[in-house]
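Undergrad: Structure in structure tokens, see below.
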Amino acid sequence: MTTIVAVHGVGHHAPGHSPEEIVTARSATWAREVANGLGTSPDQVRLTYAYYAHHLHRNKPVSQNAYALEQLEREDPETVQEVARWVGSLDKSLDLGLPSVRAQGRLTVPLRQVISVIAERLSLDGRLTRAFIAVFFRDVSLYLSDHASPARIAAREEVAAKIASTGARVVIAHSLGSVVTYEALHAHPELEVELLLTLGSPLALPHGVFDRLTPAPVDRTGQRPAGVRRWVNLCDHGDIVAIPRPLKQHFPSVDLDLTDSIAPFDFHSAAPYLRSAAVASTLAPFLDTNY
């Protein structure tokens with residue numbers, strides 16, 4: 001039976017629980033979601049969860065309010081600037097007609113206000129969207145702040161070690177996990193993966209992600225990790241961090257770049273992606289299944 005390594009995205013830090021507990025619980029959860037999409041039982045999906053969030057949050061204070069945007073604006077102005085750049089990229093990608101939020105290096109509109117406008121125009125829950133954006137960019141900042149940071153190295157080594165120890169030939173990487181996995185596979189070209197499936201990936205997000213990758217893009221082009229035989233990318237039409245699209249424009253070695261309607265009112269969560277027909281049809285040839 002083919003082993004799958006699943007690499008989580010943002011917002012998965014679970015203080016108070018050991019990494020071993022988290023891996024056990026979430027391996028079962030992700031296997032169940034994949035099995036639902038395939039129309040099989042979870043025991044037919046051998047999936048192991050690669051947990052790296054504890055490396056990013058080690059020695060960091062635990063927020064009491066899910067990193068609200070107001071808190072972010074007070075405590076982390078550099079991350080706020082990344083959010084502002086994302087607003088511009090999102091507007092350019094989706095033509096939302098958003099108000100300008102930056103002028104001469106300063107914010108002209110409170111982020112909570114412009115993100116409420118984004119949520120309204122895309123028919124999203126405004127409160128959840130604001131909370132998600134705060135968490136997303138805080139985790140991205142924690143990972144990408146420094147090319148040589150111990151947290152960044154530890155996170156990608158955690159993922160690489162999980163792939164190596166399981167002998168996995170299939171890797172599913174969601175959200176920020178696609179960035180960690182991309183760097184882990186580049187750092188370890190000896191790891192051979194038959195399928196890399198990236199979901200809701202922000203790899204091409206300008207400034208905040210794309211321009212800070214290791215290895216750095218060459219001539220505005222990201223490179224496929226040497227050990228990856230096939231790379232499939234999937235994003236929801238409404239996924240507001242998987243921009244700009246298509247990913248293949250910036251990573252031409254992606255074999256298949258899909259955009260689909262996964263979950264209209266749940267734009268970035270892992271579960272709808274994992275149980276989608278697109279993921280099932282992508283995984284089926286690599287698994288022992290009658291899908």
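The values are calculated or read from the model by the stated rules, or taken from the named source; none is laboratory data. Not measured: the values here are computed from a predicted model. Neighbour counts are summed over all protein chains in view; Cβ atoms, including those assigned to glycine, are modelled from backbone coordinates with ideal geometry.
Undergrad: Counting just the residues of the range 28-61 that are assigned to a helix (DSSP H, G or I) and exposed (fewer than 15 other Cβ atoms within 10 Å of the Cβ), which one comes out modelled with the highest pLDDT? Don't jump to the end; show me each part of the working.
TA: Of all residues in the range 28-61, those assigned to a helix (DSSP H, G or I) come to 28-38, 42-44, 53-57.
Going one step further and asking which of them are exposed (fewer than 15 other Cβ atoms within 10 Å of the Cβ), we end up with 28, 43.
Values: Ala28: 97, Asp43: 92.
Among them, the one singled out is Ala28.
Undergrad: Can you tell me which condition Leu90 does not meet? The list is (1) within 21 Å of Ala204 (Cα to Cα); (2) touching a Phe, Trp or Tyr at 6+ places or on another chain (Cβ under 7 Å), and all the others hold.
TA: Of everything listed in (1) within 21 Å of Ala204 (Cα to Cα); (2) touching a Phe, Trp or Tyr at 6+ places or on another chain (Cβ under 7 Å), Leu90 misses just condition (2).
Undergrad: Scanning for something over 23 Å from Ser141 (Cβ atoms), touching a Phe, Trp or Tyr at 6+ places or on another chain (Cβ under 8 Å) and of a type in the set (Val, Ile, Thr), does the range 224-234 turn up at least one residue?
TA: no
Undergrad: Here's another thing I want to ask about it. Can you name the number of the only condition in (1) at pLDDT 95 or above; (2) in contact with a Gly (Cβ under 6 Å, 6 or more places away or on another chain) that His186 fails?
TA: (2)
Undergrad: Ok, one more. Quick check on my filter: what residues within the range 127-185 are free of Cβ contacts under 8 Å to residues at least 60 places away in the same chain and not in a helix (DSSP H, G or I)?
TA: Of everything in the range 127-185, those that are free of Cβ contacts under 8 Å to residues at least 60 places away in the same chain and not in a helix (DSSP H, G or I) turn out to be Ser145, Asp146, Ala148, Ser149.
Undergrad: Let me ask you something else. I'm trying to understand the selection: among the residues of the range 88-126, which are part of a helix (DSSP H, G or I) and either of a type in the set (Asp, Glu) or touching a strand residue (DSSP E or B) at 6+ places or on another chain (Cβ under 8 Å) (or both)?
TA: So the first thing to find is which residues in the range 88-126 are part of a helix (DSSP H, G or I), and the list is 88-94, 111-121, 126.
Matches in the range 88-126: Gly88, Asp91, Glu120.
Undergrad: Can you go through Thr181, Thr166, Thr129 and tell me which one is outside the structural domain of Ser116 (by TED's automatic domain parsing) and either within 24 Å of Gly88 (Cα to Cα) or surrounded by fewer than 20 Cβ atoms within 10 Å (Cβ to Cβ) (or both)?
TA: Just a single option satisfies the conditions, and that option is Thr166.
Undergrad: I would also like to ask the following. Which of the residues spanning the range 218-246 are basic (Lys, Arg) and assigned to a loop (DSSP other than H, G, I, E, B)?
TA: Taking the range 218-246 as the starting set, the residues that turn out to be basic (Lys, Arg) are 220, 224, 229-230, 245.
Of everything in the range 218-246, those that are basic (Lys, Arg) and assigned to a loop (DSSP other than H, G, I, E, B) turn out to be Arg220, Arg224, Arg245.
Undergrad: Going by the structure shown, is Gln64 modelled with pLDDT under 85 and either over 20 Å from Ala151 (Cβ atoms) or in a helix (DSSP H, G or I) (or both)?
TA: Values: modelled with pLDDT under 85: yes; either over 20 Å from Ala151 (Cβ atoms) or in a helix (DSSP H, G or I) (or both): yes.
Answer is yes for this residue.
Undergrad: Considering only residues that are more than 14 Å from the chain's Cα centre (by Cα) and of a type in the set (Lys, Arg), look in the range 134-183 and name the one that is farthest from Leu274 (Cα to Cα). Talk me through it step by step, then tell me what you get.
TA: Keep residues of the range 134-183 that are more than 14 Å from the chain's Cα centre (by Cα), which gives 134, 145-154, 157-158, 160-170.
Of the ones still in play, those that are also of a type in the set (Lys, Arg) are 152, 162, 169.
Numbers: Arg152: 26, Lys162: 20, Arg169: 17 Å.
Going through the qualifying residues, I end up with Arg152.
Undergrad: Further question on the same structure: Just checking, which of Gly208, Gly227, Gly238 is in contact with an Asp or Glu (Cβ under 7 Å, 6 or more places away or on another chain) and more than 18 Å from Val7 (Cα to Cα)?
TA: Working: Gly227 fails: more than 18 Å from Val7 (Cα to Cα); Gly238 fails: in contact with an Asp or Glu (Cβ under 7 Å, 6 or more places away or on another chain).
Result: Gly208 is the single residue among Gly208, Gly227, Gly238 that is in contact with an Asp or Glu (Cβ under 7 Å, 6 or more places away or on another chain) and more than 18 Å from Val7 (Cα to Cα).
Undergrad: Looking at Leu195, Leu203, which one is under 22 Å from Ala278 (Cβ atoms) and over 14 Å from the mean Cα position of the chain (by Cα)? It would help to see each step written out before you state the result.
TA: Values: Leu203 fails: over 14 Å from the mean Cα position of the chain (by Cα).
Unique residue meeting the criteria: Leu195.
Undergrad: Taking the range 6-27, which residues are outside any loop (DSSP other than H, G, I, E, B), closer than 19 Å to Ser276 by Cβ and of a type outside the set (Lys, Arg)?
TA: Keep residues of the range 6-27 that are outside any loop (DSSP other than H, G, I, E, B), which gives 6-7, 19-27.
Filter once more, keeping what is closer than 19 Å to Ser276 by Cβ: 6-7, 26.
Correct list: Ala6, Val7.
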